[in-house]
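The values are calculated or read from the model by the stated rules, or taken from the named source; none is laboratory data. The shown structure was predicted, so the numbers you read here are calculated from the model rather than taken from an experiment. Here the Cβ positions follow ideal geometry from the backbone for every residue, glycine too, while neighbour counts run over all protein chains shown.
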Amino acid sequence: MKNLPNFTDSLTQLIASASISSTQPSWDQGNLDVIQLLATWFEQLGFSIDIQAVPQTRNKYNLLAKLGNGEGGLLLAGHSDTVPFDENRWNSNPLEIVDKDDKFYGLGTCDMKGFFAFILQVSKGLSAKQLKKPLYILATADEETTMAGARFFTKNQQIKPDVAIIGEPTNLVPVTMHKGHMSHRITIHGQSGHSSKPSLGVNAIEIMHHVIGLLMQLKEKLAHNYSNQAFDVTEPTLNLGAIHGGDNANRICGQCELDIDMRSLPGMADSELILLLSETLKPLAEKYSNRVSFSELDPSSPSFEQNQSSELVTIAEEISGHHCCAVNYATEAPFIQQLGCQTIVLGPGSIDQAHQPNEFLAHSEIEKTEEILVKMIQRYCF
């Protein structure tokens with residue numbers, strides 16, 4: 001117990017343990033150092049520890065720590081990975097904590113390694129004998145890319161807590177609703193050739209021009225036919241994110257690819273959006289046989305909604321002092337919710353700082369966050 005770090009020291013060690021998730025292999029890192037660090041700390045506090053390798057990942061692991069016995073209880077969850085960084089845009093080393101202007105600067109301070117430093121501090125005074133229901137701590141892998149850790153955990157774990165809190169940065173405002181996310185690549189298979197004889201080739205860029213026109217019509221259709229006033233962006237969105245095609249000005253483009261993402265509202269199934277996309281592209285696919293296709297880039301993340309009349313929402317609003325809200329970004333909440341527990345997203349820091357240079361956690365968040373966590377543990381474990 002005497003070797004357990006204080007808040008600043010635990011935050012410093014967590015940030016120093018690099019655990020970047022990226023679809024680019026050159027950036028992607030394992031997270032075992034972070035997982036073992038957390039395991040060492042929580043084991044000293046009497047938690048039982050279960051570390052599991054996440055299949056089909058590059059050296060990624062989940063950790064589940066448990067204190068106490070019985071059914072139900074509270075799950076405090078978060079991801080152990082961070083996004084990549086551009087060190088040239090930071091004013092300091094992203095992997096070192098800088099305490100300045102009443103802020104802790106560092107990669108992952110708010111998104112979201114800092115949450116585990118808070119959990120460690122509020123767990124120091126607990127013992128299994130005190131708890132009537134268990135307290136679970138979950139640290140997942142790969143949230144910033146595939147959410148493989150959360151997918152694997154909910155598919156294979158048998159725990160069923162009463163409630164779960166995911167500590168993503170929400171400014172300590174309880175989030176009970178967010179959009180889903182899916183990304184697809186539309187590929188046009190043309191026929192290359194010399195630009196001086198257009199009739200001997202099929203220009204993939206020209207076909208993609210028509211695809212983009214149809215997608216813009218779909219974008220308008222989504223805005224017109226679907227709406228949820230809980231969101232500041234009330235409609236489902238469709239974004240044209242990246243396009244690649246051709247290799248030279250005097251060549252007919254033989255292939256063109258467009259990467260898009262769509263963000264669904266709660267209540268919209270992935271299959272519904274995919275059907276809309278398929279129907280949108282169908283006229284061109286029929287006109288240009290075997291030249292238009294689309295495929296999933298990454299596994300989709302479903303939308304999330306927690307029943308507003310649930311007890312957890314009422315308790316979270318009371319303890320946090322904020323009314324619940326909806327956000328446009330995706331989290332692990334819909335996967336954790338599959339455990340059969342009431343689920344909210346609630347954590348320190350601002351999403352505006354996440355994925356940004358000079359990410360920080362304000363000192364003013366420390367006391368408030370610890371107070372919320374203590375009250376949640378007392379409410380659901382004692």
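Observations on the structure shown:
- Cβ separations smaller than 7 Å between residues 6+ apart or across chains give the following pairs from region 241-252 residues that are farther than 18 Å from L200 by Cα to residues that are in a strand (DSSP E or B) and polar (S, T, N, Q): G245/Q255.
- Residue match in region 314-323 (condition: closer than 30 Å to T187 by Cα, among the β-branched types (V, I, T) and either within 21 Å of the chain's Cα centre (by Cα) or not assigned by TED's automatic domain parsing to the domain that holds R263 (or both)): no
- Pair list, Cβ < 7 Å and 6+ apart or interchain, from region 306-334 residues that are outside any loop (DSSP other than H, G, I, E, B) to residues that are surrounded by 15 or more Cβ atoms within 10 Å (Cβ to Cβ) and of a type in the set (D, E, K, R): I315/R379; I319/K375
- Restricting region 15-26 to residues that are within 19 Å of the chain's Cα centre (by Cα) and at pLDDT 95 or above, the residue that is surrounded by the fewest Cβ atoms within 10 Å (Cβ to Cβ): A18
- Region 48-58, subset surrounded by 13 or more Cβ atoms within 10 Å (Cβ to Cβ) and in a loop (DSSP other than H, G, I, E, B), residue modelled with the lowest pLDDT: R58
- Residue that is nearest to L95 (Cα to Cα), among those in region 335-357 that are in a loop (DSSP other than H, G, I, E, B) and in contact with a helix residue (DSSP H, G or I) (Cβ under 8 Å, 6 or more places away or on another chain): P357
- Residue that is nearest to the chain's Cα centre (by Cα), among those in region 98-118 that are surrounded by fewer than 24 Cβ atoms within 10 Å (Cβ to Cβ) and touching a residue at least 24 places away in the same chain (Cβ under 8 Å): Y105
- Condition check for G167: surrounded by 15 or more Cβ atoms within 10 Å (Cβ to Cβ), farther than 28 Å from E279 by Cβ and not polar (S, T, N, Q): yes
- Subset of region 59-81 (residues that are assigned to a strand (DSSP E or B) and either outside the structural domain of S19 (by TED's automatic domain parsing) or more than 20 Å from I165 (Cβ to Cβ) (or both)): Y61
- Qualifying positions in region 154-199 - more than 31 Å from the chain's Cα centre (by Cα) and in contact (Cβ under 8 Å) with a residue 40 or more places away in the chain: H189, G190, Q191, S192, G193, H194, S195, S196, P198
- Residue list for region 146-164, filter: β-branched (V, I, T) and surrounded by fewer than 21 Cβ atoms within 10 Å (Cβ to Cβ): T146, T154, I159
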